[in-house]
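Read through the structure below, which is laid out as structure tokens, and then see the notes.
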Amino acid sequence: MAERTVPFVNVAMRSGGDYSTAAKGAKEVIDGATPLVLEAIHHLPDTDPVRPFTMTDMGCAQGGTSLAMVRQAIGAVRTRWPQRPITIIYTDQPRNDYNSLFHLLHGLTPIPTYLDEFEDVYVLASATSFYRPILPAGTLDLGFSATAMHWLSAKPCNVSDHVQAVGAAGPELAAFARQGRADWQAILLHRAAELCAGGRLVLVNFCRDEAGRYLGHTAGIDMFDTFARLWRELVSAGTIAEAEFREMTLPQYYKSVAEFTAPLTDRDDPVHRAGLRLEQLETRIVPCPFAADFARHGDAAAFARAYVPTLRSWTESTFHAALSAARPAAERRAIIDRYYDRYEALVRERPAGHGMDYVHAYMTIAKL
């Protein structure tokens, strides 16, 4: 297999106010990480009580999933240092929907904002990937990221007959593992430079846990296998070409616990030498909220209507980019709509086993 590196340009969450609704499970993941954030603030070193406190939300999307967590973090900082100004820096790709983010933060939606509760709090945005430096050296007190760092900086290759690295094997899987390792090291080295002495990172990332489980693969029907099978059906129907099938490979990699911890525990690794130390790591599963709702109400059609949009919110841009640019835009949109309509019909007709349980590694990392 000849390796190639494809720039990370075809990934975007769906715009508008629907993303935070579709990302209901992602919010529950962040809510579960909130105690780790508050504990990290508690363990930060004493410092100049009026020096600005800086926190980043890396991979923030539209900010709705982390809003409650940030509110509690601000409260904890104010309790400990009543006079400190607080800066919250939201970071994501340049294509992120920052308009929706600032509508939310400045109270232009029905959702209450923490800016109405606290004074001397400043919100900023940086359209800078976490694969690059975001802040000046030594200025970050607390860095946070959830459900974002599984996206790779580049797609190392296409997966031959699947849509994600969980379906890869041999040289293809090795290429994704190498890319994941290099990207993780780059992320940590940039954060090591940005953190002040004693600063903390709370990072919550999709993973392959100790039992081999990953997003959408905990029990029942494998979500990524379903993605691949339905995409293959479009080839069989003559709707898309084989080359378009192959181009649909998500630039993602789910690391194991060993892969997460290696640069933090290996004394010879540049990350360890830069002063980052692992304080805690645990894996958790957050059940799919849509499947849980279905278990209560039993309405398969309602389940399908609620569940499939959350899949679409983070896959559509990559599916769309896989289609030939020679196709008219309206034709490409119609193919994508047909694809997700087919997924929704599948769930509606046979709902048992469908769901997207979240499998994450929850990490706290300190800077010496």
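Roughly how many debye, to the nearest 20, is the charge dipole of segment 64-177 about its Cα centre, given +1 on each Lys and Arg Cβ, -1 on each Asp and Glu Cβ, and no other charges?
200
On full extension of the chain, what length is gained from A219 through D46, given 0.36 nm per residue of separation minus the C-alpha to C-alpha distance?
57.7 nm
Where the centre of each part is set by its Cα atoms, how far does segment 91-152 sit from segment 161-194, in angstrom?
Using only Cα atoms to place each centre, the spacing works out to 25 Å.
What is the Cα radius of gyration of segment 142-238 over 2.2 N^0.38 Å, N being its residue count?
Normalised by 2.2 N^0.38 Å, the Cα Rg of segment 142-238 equals 1.33.
Compute the acute angle (0 to 90°) between the alpha-carbon long axis of helix 170-194 and the principal axis of greatest extent of the alpha-carbon atoms of the chain; round to the nearest 10°.
With rounding to tens, the tilt is 20 degrees.
Using helices alone, what [θ] at 222 nm do you get for the chain, with -39,500 (n - 2.57) per DSSP H run of 4 or more residues, divided over all residues and rounded to the nearest 500?
Only helices count here, giving -13500 deg cm²/dmol.
Taking Cα atoms, how many degrees apart are the long axis of helix 24-43 and the longest axis of the chain, rounded to 10 and kept between 0 and 90?
The angle comes out near 20 degrees.
For every other residue with a beta carbon closer than 12 angstrom to the beta carbon of P133, add +1 if it is Lys or Arg and -1 if Asp or Glu, then tell me the sum.
Taking every other residue near P133 into account, the sum is +1.
Mind listing which GluC sites (Glu not before Pro) in segment 90-176 are in a DSSP loop and have 13 or fewer other Cβ atoms within 10 Å?
Sparse-neighbourhood loop GluC sites (Glu not before Pro): E117, E119.
Using +1 at the C-beta of Lys and Arg and -1 at the C-beta of Asp and Glu, which of Y214, A168, A262 has the Cα lying farthest in the positive direction of the dipole of segment 163-274?
Result: A262, furthest along the dipole toward the positive end.
Taking the Cα centre of segment 156-262 as origin and charging only Cβ (+1 Lys, Arg; -1 Asp, Glu), how large is the dipole, in debye to the nearest 20?
Roughly 380 debye, rounded to the nearest 20.
Please give, to one decimal in nm, the separation of the simple spin-label points placed at R338 and D268, each 7 Å out from Cα toward the Cβ.
Using points 7 Å along Cα→Cβ, the separation is 5.5 nm.
Give me the extension gain from V257 to R277: residue separation times 0.36 nm, minus the current Cα-Cα distance, reported in nm with one decimal.
Value of the extension gain: 5.7 nm.
So what's the gap between the Cα centers of segment 196-257 and segment 276-349, to the nearest angstrom?
11
To the nearest 20 debye, what charge dipole does the chain have about its Cα centre, counting +1 at the Cβ of each Lys and Arg and -1 at the Cβ of each Asp and Glu?
300
Over the residues of the chain, compute the C-alpha Rg and express it relative to 2.2 N^0.38 Å.
Working it through for the chain, the quotient is 1.00.
Quick check: net charge around A219, other residues with Cβ under 12 Å of its Cβ, Lys/Arg +1 and Asp/Glu -1?
Spelling it out: positives minus negatives among the neighbours equals -1.
No solvent, one uniform scatterer per C-alpha: report log10 I(q)/I(0) for segment 234-368 via the Debye equation at q = 0.11, 0.15 1/Å, two decimals.
-0.64, -0.89
Straight-line reach from K155: which aspartates and glutamates have a Cα under 15 Å away, not including same-chain ones fewer than 8 places off?
Filter leaves E3, E172, D183, E247.
Just want to confirm a number: the relative contact order over segment 194-315, from Cα pairs under 8 angstrom separated by 6+ residues, in percent.
18
Can you give me the angle between helix 300-322 and the longest principal axis of the chain, using Cα atoms only, in degrees from 0 to 90, rounded to the nearest 10?
90
By its C-alpha gyration tensor, with a ≥ b ≥ c as the square roots of the eigenvalues, how is segment 256-325 shaped: rounded for a/c under 1.5, else prolate for a/b larger than b/c, else oblate?
Taking the square roots of the gyration eigenvalues as a ≥ b ≥ c, segment 256-325 is oblate.
Ratio of Rg to Rh for segment 43-197, alpha carbon only, Kirkwood?
Ratio of gyration radius to Kirkwood radius: 1.05.
Of A302, A330, A292, which has the largest mean-square fluctuation in a 10 Å C-alpha GNM of the chain?
Highest fluctuation among the options: A330.
Which length gain, in nm to one decimal place, applies between A325 and A300 when the Cα-Cα distance is subtracted from 0.36 nm times their residue separation?
Extra length from A325 to A300 when fully extended: 5.4 nm.
No value in this document is a laboratory result; all are computed from the given coordinates. Predicted model only: the values in this text are computed from it and were never measured. Every residue, glycine as well, gets a Cβ built from its backbone with ideal geometry; the counts of neighbours run over all protein chains shown.
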